[in-house]
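Remarks on the structure that follows.
The values are calculated or read from the model by the stated rules, or taken from the named source; none is laboratory data. As the structure is a computational prediction, the values presented were derived from the model and not from experiment. Positions of Cβ are generated from backbone atoms using ideal geometry, with glycine treated the same way; all protein chains shown enter the neighbour counts.
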Number of protein chains: 2
Amino acid sequence: MRAAVFHGPGDVRVEEVPKPELTEPTDALVRVTHTAICGSDLWFYNGDSDREQGSRVGHEPMGIVEEVGEDVRRVEPGDRVFAPFVISCGQCEFCRKGLHTSCVNGDSWSGENGGAQGEYVRTPHADGTLVRVPDRYADDEDALESVLPLTDVMGTGHHAAVSAGVEPGSTCVVVGDGAVGLCGVLAARRLGARRIVAVGHHEDRLALADEFGATDTVLGGEGDEVEQVLDVTDGGADHVMECVGAASSMDTAVSVCRPGGTVGYVGVPHGVDAAGLELYDFFGDNVTLRGGVAPVRAYAEELLADVLGGTLDPAPIFTKTVDLDGVPEGYRAMADREALKVLVTL
Amino acid sequence: MRAAVFHGPGDVRVEEVPKPELTEPTDALVRVTHTAICGSDLWFYNGDSDREQGSRVGHEPMGIVEEVGEDVRRVEPGDRVFAPFVISCGQCEFCRKGLHTSCVNGDSWSGENGGAQGEYVRTPHADGTLVRVPDRYADDEDALESVLPLTDVMGTGHHAAVSAGVEPGSTCVVVGDGAVGLCGVLAARRLGARRIVAVGHHEDRLALADEFGATDTVLGGEGDEVEQVLDVTDGGADHVMECVGAASSMDTAVSVCRPGGTVGYVGVPHGVDAAGLELYDFFGDNVTLRGGVAPVRAYAEELLADVLGGTLDPAPIFTKTVDLDGVPEGYRAMADREALKVLVTL
């Protein structure tokens with residue numbers, strides 16, 4: 001089969017690789033039909049984080065179940081399914097708590113499972129990991145494109161909103177206008193926020209934030225975004241969603257958080273500067289820091305119902321579509337900021 | 001009047017200083033009868049933090065109201081009162097939220113207000129700041145000694161417990177066996193924790209933790225305290241109280257926190273190493289960081305009722321008593337770890 005393989009910074013190639021096979025009775029083999037390139041894929045692509053050369057990439061799979069192990073109960077061959085960016089058993093203490101990212105049996109889309117930017121993936125713990133798309137929508141291309149972000153960015157934006165404590169009537173600030181930040185705007189609106197201030201560095205993305213329900217947008221980059229947000233919010237918001245993961249965006253987040261408020265953060269801390277957090281910024285005003293890697297599996301059913309019901313649609317974050325051969329071009333386009341997020345159809 | 005004055009690391013002297021005077025109609029003048037030396041006073045005493053030379057020190061005042069401004073309504077001359085380590089108006093948005101430490105009219109025990117380790121302090125915003133001890137207990141020396149920790153360490157330990165989300169039945173870990181950590185044990189027990197694991201470095205203090213209600217004590221210092229706590233808690237606790245403020249104690253706290261749990265922190269981040277927090281330790285397992293400088297004024301009435309009712313008694317944290325002239329000796333004894341916390345009676 002063919003799959004995208006990482007060969008070093010700036011070098012992702014589509015090549016022939018061994019097809020994954022079932023090894024455990026709880027595995028399923030999924031033929032990937034849709035996947036995506038993630039902002040976090042750019043970290044190894046840009047050389048900002050380490051990744052083994054020769055490893056398969058991609059962690060946002062959607063496809064058709066091709067084969068299941070004998071213990072798999074919830075899906076069967078022919079089902080349209082998607083899976084979160086981490087594999088989880090669905091049965092341990094942490095999965096039961098909705099913290100699937102801390103699953104004691106957790107695994108990732110890599111190694112012998114294959115990466116999601118390839119023709120097939122093996123899914124360990126298929127009953128826990130895979131989410132079925134109901135048959136009525138299973139071949140509806142428009143619906144599927146709206147569902148695909150539930151594998152990662154939509155669930156992650158939702159986690160930011162939940163972690164920040166956004167509720168009906170809230171005033172919140174979303175720091176970051178990448179795919180996660182934009183999904184965060186959708187999530188905040190869905191949770192009933194009355195005021196949503198989106199902070200970013202790109203006019204076109206802030207225009208999408210506006211379309212997604214932001215009541216105010218703040219274009220940063222001149223060093224005055226904190227001042228602008230404090231002005232718009234009359235001194236800061238109780239709920240701030242940090243959707244980038246850089247030290248500078250965390251600084252912005254805590255600076256616009258009202259004393260006693262909460263920063264919900266989902267941006268994977270990355271880069272040298274992000275290793276340390278200026279704790280005193282949080283301490284003096286009792287700002288809570290809540291969040292982490294998003295347990296998107298926990299949110300899948302709830303968000304899927306709204307996507308299929310037509311009240312939630314993150315599909316506009318896909319501003320470019322490629323086929324499997326186009327994956328290297330997709331990485332380039334995202335790295336060069338030509339594309340916000342790339343949809344891959346196989 | 002006479003008061004303790006800071007002259008540089010290791011050098012606190014009791015000397016003649018100007019007596020504070022009322023300047024605003026909302027001020028009260030308090031004749032200090034009891035105060036204490038705080039672990040945080042040791043930072044400037046030991047040269048770990050900067051403080052202006054010649055400044056008066058102490059921030060845990062209890063005494064008798066001597067004079068009040070014409071707008072003061074809640075206290076009158078002759079009342080026995082105590083005050084938290086920060087001054088707050090009691091009326092602004094943040095005081096109303098119970099976040100008196102972010103009071104927009106906030107002030108500190110320094111400058112022209114005087115320090116609490118002296119014969120008199122001026123209390124701005126007396127109606128917001130001062131807490132009356134009911135007349136029945138106003139001259140009960142034993143009661144007063146138990147009340148005094150409400151000015152700081154008992155309220156701070158309580159804030160750690162509240163921030164960590166301790167509730168009836170909880171399993172919690174208290175990191176730190178200083179006065180705040182020990183008060184944290186009392187607070188956790190008071191909130192109904194079923195299992196309280198106290199982690200410290202001093203056998204005598206852990207013995208006090210045991211007396212205060214810790215169900216388990218872990219003596220660290222050999223580098224294996226995390227392992228010991230994980231063993232005792234079967235993999236960590238959902239509620240961890242960080243009561244030190246050093247980078248190493250925060251590391252311990254997050255390491256013994258169960259995925260999805262909360263670290264409630266109240267130790268003022270100090271020392272070079274504490275400037276940065278290893279955010280990734282929190283991120284991967286969605287550990288919440290909540291807390292900050294404790295709004296002890298918010299907790300004063302609630303805790304006072306229990307102290308006076310005899311169900312809460314932090315007085316054993318005072319292991320040494322000095323008079324005003326003995327304040328320099330009190331600092332030395334705390335710096336040399338001879339005393340856990342020093343009571344000053346005037």
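Computed values, structure above
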quantity: Tabulated pairs, region B:220-235, first farther than 22 Å from B:G178 by Cβ, second in a loop (DSSP other than H, G, I, E, B), C-beta under 7 angstrom, 6+ apart or interchain; calculated: B:L230/B:G236; B:L230/B:V256
quantity: Set B:V75, B:V121, B:V86: member being over 30 Å from B:H201 (Cβ atoms), surrounded by fewer than 22 Cβ atoms within 10 Å (Cβ to Cβ) and of a type in the set (V, I, T); calculated: B:V75
quantity: Total residues in region A:80-125, condition touching a residue at least 24 places away in the same chain (Cβ under 8 Å), of a type in the set (D, E, K, R) and assigned to a helix (DSSP H, G or I); calculated: 1
quantity: Residues of region B:281-297 classified as within 29 Å of B:E211 (Cβ to Cβ), crowded, with 23+ Cβ neighbours inside 10 Å and aliphatic (A, V, I, L, M), total; calculated: 2
quantity: Among (1) touching a Ser or Thr at 6+ places or on another chain (Cβ under 7 Å); (2) under 28 Å from A:A246 (Cβ atoms) - the single one B:M250 does not satisfy; calculated: (1)
quantity: Matching option when the condition is more than 14 Å from chain A (Cβ to nearest Cβ), of a type outside the set (K, R) and over 28 Å from B:G245 (Cβ atoms), among B:G78, B:G90, B:G115, B:G58; calculated: B:G78
quantity: Residue list for region A:208-248, restricted to those being surrounded by 23 or more Cβ atoms within 10 Å (Cβ to Cβ) and at pLDDT below 95; calculated: A:V244, A:G245
quantity: Residue match in region A:296-311 (condition: among the aliphatic types (A, V, I, L, M), in a helix (DSSP H, G or I) and within 14 Å of chain B (Cβ to nearest Cβ)); calculated: yes
quantity: Yes/no for A:L191 being touching a helix residue (DSSP H, G or I) at 6+ places or on another chain (Cβ under 9 Å), surrounded by fewer than 22 Cβ atoms within 10 Å (Cβ to Cβ), of a type outside the set (S, T, Y) and at pLDDT 95 or above; calculated: yes
quantity: Residue match in region B:309-326 (condition: over 19 Å from the mean Cα position of the chain (by Cα), farther than 20 Å from B:T35 by Cα, free of Cβ contacts under 8 Å to residues at least 12 places away in the same chain and surrounded by fewer than 17 Cβ atoms within 10 Å (Cβ to Cβ)); calculated: yes
quantity: Residue match in region A:272-284 (condition: facing chain B (nearest Cβ under 10 Å) and within 17 Å of the chain's Cα centre (by Cα)); calculated: no
quantity: Given (1) without any contact (Cβ under 8 Å) to a residue 12 or more places away in the chain; (2) assigned by TED's automatic domain parsing to the domain that holds A:T129, index of the condition A:L148 fails; calculated: (1)
quantity: Qualifying residue in region A:57-64 (condition: free of Cβ contacts under 8 Å to residues at least 60 places away in the same chain, aliphatic (A, V, I, L, M), in the same structural domain as A:V121 (by TED's automatic domain parsing) and surrounded by fewer than 20 Cβ atoms within 10 Å (Cβ to Cβ)); calculated: yes
quantity: Out of A:G260, A:G330, sole residue that is touching a helix residue (DSSP H, G or I) at 6+ places or on another chain (Cβ under 8 Å) and of a type in the set (G, A, S); calculated: A:G260
quantity: Which listed residue is among the acidic types (D, E) and at pLDDT 95 or above, from A:E52, A:E16; calculated: A:E16
quantity: Cβ pairs under 9 Å, 6+ apart, first in region A:33-48 and assigned by TED's automatic domain parsing to the domain that holds A:T321, second in a helix (DSSP H, G or I) and among the aromatic types (F, W, Y); calculated: A:I37/A:Y45; A:I37/A:Y331; A:D41/A:Y331; A:L42/A:Y331; A:Y45/A:Y331
quantity: Neighbours by Cβ (under 6 Å, 6+ apart or cross-chain): first from region B:186-207, more than 16 Å from B:G236 (Cβ to Cβ); second crowded, with 18+ Cβ neighbours inside 10 Å and modelled with pLDDT under 95; calculated: B:H201/B:G220
quantity: Qualifying residue in region B:266-280 (condition: free of Cβ contacts under 8 Å to residues at least 12 places away in the same chain, surrounded by fewer than 22 Cβ atoms within 10 Å (Cβ to Cβ) and in the same structural domain as B:V17 (by TED's automatic domain parsing)); calculated: no
quantity: Residue within region A:145-164 that is surrounded by fewer than 24 Cβ atoms within 10 Å (Cβ to Cβ) and more than 18 Å from the chain's Cα centre (by Cα) present; calculated: no
